[in-house]
Structures are given as structure tokens and as C-alpha cells.
Amino acid sequence: MGYIKSAWEIALEKTEGKKLSPQEIAELKQQEKIDSILAQYYKDQIESDQLWHHLKEVPVRYLIQAQNSFLRSLTFQSNPYDMEKRKNGILAIENLKKSNLSSHIEQYFNQLTQVQQEFQKEKDQIIQYVKKDLERNPQKRLQTFQQGNRLVIKELSIEEVLEQDKGLRRRLDLMEKKYQEKFNMLKEKMEDLIKESSEES
């Protein structure tokens with residue numbers, strides 16, 4: 001992993017050496033504190049229920065930033081462990097806010113997981129179709145190529161067949177794009193929900 005600049009270092013670069021106001025310095029120190037706590041959580045040095053203890057005195061707007069940090073790190077390719085880790089982090093912070101929208105956030109996470117599962121199910125169906133087609137037509141798995149003076153016959157794996165079939169590859173790519181857009185749309189709605197809760201806190 002490459003070197004990650006701190007909030008303080010980034011701010012100094014942006015101001016190009018200009019003197020920061022006391023308020024700006026206080027805000028940077030607060031952000032540095034939160035970044036440090038989240039880093040400990042990501043490294044499993046603290047649990048989600050301990051986030052409450054570390055962040056209970058933090059102003060709401062910084063809690064929102066911490067939740068958004070978790071949310072931004074989620075991708076369509078995130079595995080179940082990463083999804084659960086970030087969900088628990090966001091919910092733990094949500095419990096610190098007066099306008100607790102935990103049930104709505106959980107619903108969004110359930111929908112995100114459902115989108116991933118639907119994609120995997122549809123992808124598996126295509127792979128099963130290809131497998132059955134290759135069982136009926138085993139010659140489709142064979143690829144011939146010249147190696148010196150010899151003609152070599154290679155039996156392709158399912159993955160290689162999918163990769164070389166441009167039609168199937170395009171179908172899978174479009175399908176993944178469709179589900180990825182659904183996933184990102186749900187993330188955006190959750191981000192809006194989290195912002196709304198800050199206005200009510």
C-alpha cells in the first residue's frame with residue numbers, strides 16, 4: 001500500500017503555506033482524530049460498538065463525514081465481509097445521532113446485497129448455459145494453433161471460452177454495468193439520507 005497523506009498534509013498543500021485560522025486548525029485536528037479512529041476500525045483494532053465510545057463527543061457534521069467515508073469505500077465488487085464491516089460502522093455512528101435512521105440504512109444495505117446477489121445469479125445462469133452447450137458441443141472447447149512445425153490442440157477452460165466469445169463477453173459486461181448502476185444509485189440515496197439526518201439532529 002502506498003503512502004496516504006493525512007488531512008493536515010493535504011490542507012497545507014491546498015493553502016500553499018498560507019497561515020491557517022484557529023478554526024481551520026481545530027477542524028483539521030478533529031478530522032485527523034476521526035481518520036485515526038476509522039483506520040483502527042478498518043484494521044480490526046477496535047470493534048463497531050467501540051466507535052460509540054471514541055466518537056460520542058464529535059459534532060454531528062463530522063459523524064456524517066465518517067459515515068460517508070465508509071460509504072465511499074463500498075464498491076460493487078465489495079465482498080460480504082467488507083459490506084458487513086462498513087454497514088456496522090455506519091450504523092454504530094448513526095446511533096450517536098438524535099435522528100436515528102438505522103432501520104432505513106439497514107434496508108439500503110439489504111438492497112445493495114440483493115443487487116450483488118441478483119448479478120451473481122444471472123452470471124451463474126449464463127455460465128451454466130455455456131457449460132451445457134460445451135457438453136453438447138465439446139469441439140467448441142478446442143483451439144488449434146501452430147507451434148513451430150507442429151499443430152497444437154488446446155482444450156479451453158470455461159473462463160477462456162467466455163473471454164474469447166465476444167458476444168458473451170459483451171453480454172456479461174452490459175449486465176454487470178446495469179447492476180453496478182443500480183448499486184451506485186442506492187449508495188447515492190443512502191448518502192442523501194445520511195445528509196438529511198444531519199439537518200434533523
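Since every read-out is calculated from the coordinates, none of them should be taken as a lab result. Treat the numbers as computed from the prediction; the structure is a model and nothing was measured. Every residue, glycine as well, gets a Cβ built from its backbone with ideal geometry; the counts of neighbours run over all protein chains shown.
Before moving on, here are some points about what is shown:
- Förster radius 25 Å - calculated FRET efficiency between D44 and Q114 (Cβ-Cβ, nearest 0.05): 0.40
- Counted as membrane-span-like here are DSSP H helices of the chain whose alpha-carbon atoms extend 27 Å or more along the helix's own axis and whose Kyte-Doolittle mean is -1.0 or above; these are 22-42.
- Inter-label distance, N100 to N68: 2.5 nm, where each label sits 7 Å from its Cα along the C-beta direction.
- Gain upon complete extension [Q146, E159; 0.36 nm per residue less C-alpha separation]: 2.5 nm
- Local net charge near Y81, Cβ-Cβ under 15 Å (Lys/Arg +1, Asp/Glu -1): 0
- Highest-MSF residue in the chain out of S48, S157, S78 [GNM, Cα springs under 10 Å]: S157
- Amide N of the range 51-67 lying under 11 Å from the label point, which is placed 7 angstrom from the Cα of K33 along Cα→Cβ: 54-59
- Normalised contact order of the range 47-200, rounded percent, pairs of Cα under 8 Å and 6 or more residues apart: 30 percent
- Cα shape, the range 53-127, gyration tensor, a/c 1.5 rule: prolate
- The range 47-200 - Rg (one decimal) and Dmax (whole number), Cα, Å: 22.9, 77
- Each Lys and Arg contributes +1 and each Asp and Glu -1, all at the Cβ; summed about the Cα centre of the range 47-200, the dipole is approximately 680 debye.
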